[in-house]
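This report concerns only the one structure given below.
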Amino acid sequence: MVGQNPYAQYNNSKILTASPAELTLMLYDGAIKFCNIAIMGIEKNDIQKAHTNIVKVQRIIEEFRSTLDRKYPVSEDFDRVYVYLLQRLLEANMKKDAEILKEVSVHLHSMRDTWKEVMRLNREKSAI
């Protein structure tokens, strides 16, 4: 039996031991990474790479939508943003438009940074 890649083992362990908040952060990071890979795919005229990675971003956003807790009014605001991003990703994929993906990336960075700040504030609150 061939040993598993130590990096893959580390990543698997990291995911299995992460809190829900940390998993959400990892998903935002993944969406940003895949968005950047899709942009590079378009810039290098690698249509399959662009398509594959845009679909990965879409799946992450769909996961965010499916896990929204609808009992909180703010969830509707998040849902509207996610629907908008999904529409832009669909358009970017059809047109292979890197500029649209760059716009999506800006939104993802903003949401990820906000999430990181919420996590930080919660840690500080828990420490009190």
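Key figures for this structure:
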read-out	value
Residue list for region 35-68, restricted to those being under 18 Å from Tyr82 (Cβ atoms) and among the hydrophobic types (A, V, I, L, M, F, W, C)	Cys35, Ala38, Ile54, Val55, Val57, Ile60, Ile61, Phe64, Leu68
Residue list for region 56-105, restricted to those being of a type in the set (Val, Ile, Thr), open to solvent by 30 Å² or more (accessible area, probe 1.4 Å) and part of a helix (DSSP H, G or I)	Val74, Val81, Val83
Positions within region 34-54 being without any contact (Cβ under 8 Å) to a residue 60 or more places away in the chain and of a type in the set (Gly, Ala, Ser), in sequence order	Gly41, Ala50
Subset of region 35-55 [of a type in the set (S, T, N, Q) and part of a helix (DSSP H, G or I)]	Asn36, Gln48, Thr52, Asn53
Filtered residue count, region 80-127, keeping only those that are within 22 Å of Ile37 (Cα to Cα), of a type in the set (Asp, Glu) and without any contact (Cβ under 8 Å) to a residue 24 or more places away in the chain	4
Conditions (1) of a type in the set (Ser, Thr, Tyr); (2) crowded, with 16+ Cβ neighbours inside 10 Å; (3) more than 23 Å from Ala21 (Cβ to Cβ); number of the one not met by Thr52	(2)
For Ala31: the one exception among (1) without any contact (Cβ under 8 Å) to a residue 40 or more places away in the chain; (2) in a helix (DSSP H, G or I)	(1)
Sole residue being open to solvent by 30 Å² or more (accessible area, probe 1.4 Å), modelled with pLDDT of 95 or more and closer than 23 Å to Arg123 by Cβ, chosen from Leu27, Leu16	Leu27
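The values are calculated or read from the model by the stated rules, or taken from the named source; none is laboratory data. What you see is a predicted model; the values in this text were computed from it and never measured. We place every Cβ from the backbone using ideal geometry, glycine too, and count neighbours over all the protein chains shown. The area values use the complete protein model at the heavy-atom level, side chains included, leaving out ligands, DNA and RNA. Shrake-Rupley method; radii C 1.70, N 1.55, O 1.52, S 1.80 Å.
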